[in-house]
Amino acid sequence: MEQIRLHVADLVHLLPELSLVATAIILSLLDLVLPNRLSRSIIGWLTLVGIAISAIFVVMQLNPEEAIGLLNNSYRVDDFSNLLKLFTLLGTGFVVLMSLGFIKEEAIPHVGEYYYFYLPAALGAMIMSSSGDLITLYVGLELLSITSYLLVAMKKKDNKSNEGAFKYLVMGGISSAIILYGMSFLYGMVGSSNLSQIGAALPSLVTAYEPLLYVAFFMLLAGFGFKIAAAPFHSWAPDVYQGAPTPVTAFLAVVSKGAGFAILFRVFYVLFGFSSFENSSFQSDVFLAISVMAAIAMVTGNFIALKQTNMKRLLAYSGIANAGYLLVPIGTYFSGTHYANFSEFIFYLIAYLFMNIGAFAVLMIIEQAEGHTEAKGFGGLYYRAPITAVAMVLIVLSLAGIPLSGGFFGKLYIILGTMQTQHYWLGGLMIATSVVSFYYYFGIVRQMFMRSDYEPAEIKVSIPLGITVWLCALISVALGVVPHLVLKGIEAIFTLTKDFLIM
């Protein structure tokens with residue numbers, strides 16, 4: 001058997017990941033020796049430095065002449081993974097920045113741990129983005145999941161946090177087992193865990209093993225459906241989002257969800273998308289099932305969000321609906337007239353990052369002032385903190401998909417792509433559910449501008465939170481002003497044949 005080795009020269013391609021590992025080790029040692037009060041701020045800022053260094057290394061690897069496959073293509077360094085790594089690091093950086101000055105020792109006893117736990121979580125997401133093998137994929141998935149369980153449980157004295165962490169642990173463990181079981185079927189049929197090898201072998205096995213292929217696919221879909229909080233696998237999200245510290249909730253809603261989509265996109269396209277399954281409806285059934293799950297998520301998330309009074313739960317259901325929107329470019333597949341699925345997907349994912357991080361940052365400002373995360377806390381915000389209220393309006397416009405916002409063009413590109421591939425029912429449903437979302441999104445605006453019976457609690461905006469809110473608001477608007485430049489930039493970097501394991 002040929003030995004597969006990682007050479008010293010290959011470590012250059014792993015600098016983004018290795019820098020996160022090194023930073024996490026250094027900070028964990030610093031946390032042991034520094035006084036608690038001092039470590040609280042220093043470790044937070046050093047975590048941001050580690051994330052920035054990792055992002056610089058990723059940028060240096062953008063747009064290589066050819067994709068790099070390490071360990072027999074088990075680990076891929078290509079522009080698919082590079083773009084999603086930048087997404088992961090940007091989202092994690094914003095979450096850490098928001099936490100500075102917000103996380104208090106009274107609520108979270110070990111503040112240093114809170115900050116550097118984000119580094120292995122981001123590392124797990126980055127491993128998932130680069131995975132070209134089922135084993136590598138599972139290692140990254142579990143690293144992200146286990147660290148996320150710990151982050152959710154950081155508020156040790158809070159019953160809701162403990163309840164949310166327990167539910168997340170149990171249901172996350174079940175979903176991981178389902179994914180692993182689905183992977184075992186694929187490995188048993190092909191005798192390899194390498195994604196490209198499995199994808200190349202499956203068409204010749206479809207006649208003999210078609211029932212097992214369906215079982216494997218639906219197990220993977222169910223497991224990944226949990227990770228991205230898409231209905232009908234979403235029941236954990238509202239309770240976990242409500243119980244977790246608010247910055248952790250933002251991390252789960254953006255970074256963890258994005259990592260789930262990264263691996264779902266790569267796995268389903270490489271395994272089931274680029275091969276020809278002749279004399280079988282298996283391939284069309286795969287993408288129909290993804291489209292149906294997208295539809296269920298859009299309907300479930302938007303309609304249940306209508307009756308939510310807690311902002312964390314409302315944003316949880318908003319995230320479920322957005323999971324449906326992000327599934328649409330995966331489910332519509334390629335056609336002779338449309339092949340920009342990934343560009344549409346990543347554009348909306350970028351818009352999703354800024355509008356959700358911004359919304360959670362404003363919620364943290366309200367939580368500091370009011371002591372709770374109920375929607376009524378936004379009452380009269382325009383009269384108490386007008387600048388923050390204006391920024392929140394810009395973020396809400398993007399969330400709702402109003403013209404000249406990043407959210408609008410993100411949805412528009414996906415809808416146009418859906419229509420080009422003749423999935424008219426899915427495009428129509430996306431439009432209809434987006435209209436439904438106007439009710440609860442503009443309910444937030446109504447609270448800020450039209451309520452007169454609010455409690456006049458003092459609003460203090462810390463510098464990190466203020467920077468986060470306005471950066472997210474302005475970038476959300478910028479994405480709506482020059483969307484074509486962003487889309488062209490993505491298309492200039494990403495190449496389907498180079499970056500997507502096509503054999």
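The values are calculated or read from the model by the stated rules, or taken from the named source; none is laboratory data. Not measured: the values here are computed from a predicted model. In this analysis, Cβ positions are derived from the backbone assuming ideal geometry, glycine residues included, and neighbour counts consider all displayed protein chains. Surface accessibility is based on the protein's heavy atoms, side chains included, excluding ligands, DNA and RNA. Shrake-Rupley method; radii C 1.70, N 1.55, O 1.52, S 1.80 Å.
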Subject >> Paramagnetic label zone (point 7 Å from Cα along Cα-to-C-beta, LEU18; backbone N under 14 Å) in the stretch 56-72 >> reply: 57-58
Original post:
With every protein chain present, what is the per residue accessible area of the stretch 123-216 (1.4 Å probe, Å²)?
Top reply: 41
Original post:
Over 24 Å between Cα atoms, which of LYS104/LYS257; LYS85/LYS257; LYS156/LYS312; LYS227/LYS376; LYS157/LYS257; LYS156/LYS460 qualify?
Top reply: LYS104/LYS257; LYS227/LYS376; LYS157/LYS257; LYS156/LYS460
**OP:** Go ahead and estimate [θ] at 222 nm for the chain from helices alone: -39,500 (n - 2.57) per DSSP H run with n ≥ 4, summed, over the residue count, rounded to 500.
**Re:** -24500 deg cm²/dmol
Subject >> Per-residue ³J(HN,Hα) for the stretch 274-280, Karplus 6.51 cos²θ - 1.76 cosθ + 1.60, θ = phi - 60°, Hz, x for Gly and Pro >> reply: 9, 9, 9, 8, 5, 6, 8
**OP:** Send over the per residue convex hull volume for the stretch 110-229, Cα only, as a whole number of Å³.
**Re:** 88
Original post:
With point charges of +1 on the Cβ of Lys and Arg and -1 on the Cβ of Asp and Glu, referenced to the Cα centre of the chain, which listed residue (ILE146, ALA305, VAL248) lies farthest in the positive direction of the dipole?
Top reply: ALA305
Subject >> For the stretch 160-203, alpha-carbon Rg relative to the globular expectation (2.2 N^0.38 Å, N residues) >> reply: 1.69
Subject >> Residue range of the chain that is longest and free of trypsin sites (Lys or Arg not before Pro) which are both DSSP loop and sparsely packed (at most 13 other C-beta within 10 Å) >> reply: 308-459
**OP:** Using only protein heavy atoms and a 1.4 Å probe, report how much of TRP470 is accessible, in Å² to the nearest 10.
**Re:** 80
**OP:** Whenever you get a sec, line up THR495, THR136, THR468 from highest to lowest accessible area (probe 1.4 Å, protein heavy atoms).
**Re:** THR495, THR136, THR468
**OP:** Starting from the coordinates of the alpha-carbon atoms of the stretch 319-371, obtain the Kirkwood hydrodynamic radius over all distinct pairs and give the value in Å to one decimal.
**Re:** 13.0
Original post:
Amide H to amide H, which residues 5 or more places from TYR75 or on other chains are under 5 Å from it, using H placed in the peptide plane?
Top reply: LEU70, GLY132
Subject >> Debye intensity ratio in log₁₀ form over the Cα atoms of the chain, taken at each q of 0.06, 0.07, 0.12 Å⁻¹ >> reply: -0.26, -0.35, -1.07
Original post:
For LEU412, what accessible area in Å² do you get when you roll a 1.4 Å probe over the heavy atoms of the protein chains, rounding to the nearest 10?
Top reply: 60
**OP:** Determine the order of TYR209, TYR441 by accessible area, beginning with the largest, at a probe radius of 1.4 Å.
**Re:** TYR209, TYR441
Subject >> In order through the stretch 290-303: 3J(HN,Hα) via Karplus (6.51 cos²θ - 1.76 cosθ + 1.60), integer Hz, x for Gly, Pro >> reply: 5, 5, 5, 5, 4, 5, 4, 5, 4, 5, 4, x, 6, 6
Original post:
Using the Cα atoms of the stretch 298-396 to build a convex hull, what is its mean projected area in square nanometres?
Top reply: 7.0
Subject >> Equivalent ellipsoid dimensions for the stretch 232-300 as semi-axes, Å, which come from the Cα gyration tensor, largest first >> reply: 31, 15, 7
**OP:** Starting from the Cα of LEU180, move 7 Å in the Cα-to-Cβ direction to define the label point; list residues of the stretch 225-247 whose amide nitrogen is under 18 Å from there.
**Re:** 225-227
Original post:
What per residue convex hull volume, in Å³, do the alpha-carbon atoms of the stretch 179-338 yield?
Top reply: 112
**OP:** For the stretch 162-268, calculate the relative contact order in percent as a whole number, restricting contacts to Cα pairs under 8 Å that are 6 or more residues apart.
**Re:** 35
Original post:
Tell me, which longest segment in the chain has none of the GluC sites (Glu not before Pro) that fall in DSSP loops with at most 12 further Cβ atoms within 10 Å?
Top reply: 279-457
